[in-house]
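Novice: Please read through the structure below; I'll follow up with questions.
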Amino acid sequence: RITDRLAEFCVNEGAAGRCRTLEPVTEFEACQDLLDWTAEADRILYLYAADPVCSFDEIGPVLEKAHVLSTLSIPEIMRSARLLRAARIFSATLQPLPDEGLEKFKSFAGALYEDLFFEKDTERCFLTEEQVADQATDELFSIRKKIRKCNEDIKNTLLNMSRSKDFS
C-alpha cells in the first residue's frame, strides 16, 4: 500500500501510524490544500536543499499527564526536550528561506513553541533516562559530595583495618 511506503519516511511511530490510516480526499478544496503543502515541501527539500525535520518522540501521553499537572518522569521530561529541539530546528531551518511559496510551512513554523532554556537545562540535569547529574541542583551536588566523602572514609578505614596488626 502507498500509505505503508509513506509511513517508512516518518520520524516516529505515532506519525507512521497516522500515515497508515490516511484515506483518499475527494473534495476539491481539500485536495488543493494538500497539493499546496506537497509543493511547498518539494521546494524546501529540492529547491532549497533544506531538511527541517529531525527525529522526535511521540509525547501525546506526556502532554495528557502534564495537562492534569501530574509529575513527569525523567524519560518523559527528556522526550519533551527532544520535541522542543525538533521544533527549534524546524523553525531555524525554514527561517532563512524566502517566504514566497512557503507560506504554509512558514506559518506552521511560526506557531511552534520553542524553549531553548528547557532544552539545555534538561540536557544539563539528566545524563540518561535513569541518572540525574550531580549539578542538577546545588543540594544534590552537596549530598553526593558528602556520600563520596563518606565512601572514601569507609574505604580508608577498611584499608587501615586490613593493614593493622590488631585485625590480622
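Novice: Do you know which residues across the range 121-168 are exposed (fewer than 12 other Cβ atoms within 10 Å of the Cβ) and aromatic (F, W, Y)?
Specialist: F167
Novice: Here's a follow-up. Tell me which residues, restricted to the range 50-97, are β-branched (V, I, T) and assigned to a loop (DSSP other than H, G, I, E, B).
Specialist: V53, I59, V68, T71
Novice: OK, next. For the range 98-120, state whether one or more residues are at positive phi, in a loop (DSSP other than H, G, I, E, B) and surrounded by 10 or more Cβ atoms within 10 Å (Cβ to Cβ).
Specialist: yes
Novice: May I ask you to verify whether R148 is in contact with a helix residue (DSSP H, G or I) (Cβ under 6 Å, 6 or more places away or on another chain), over 19 Å from V53 (Cα atoms) and in a helix (DSSP H, G or I)?
Specialist: no
Laboratory data are not the source of any read-out in this text; all were calculated from the coordinates shown. Nothing here was measured: the structure is a model prediction, and the numbers come from that model. Ideal geometry is used to build each Cβ from the backbone, glycine not excepted, and the neighbour counts take in all protein chains shown.
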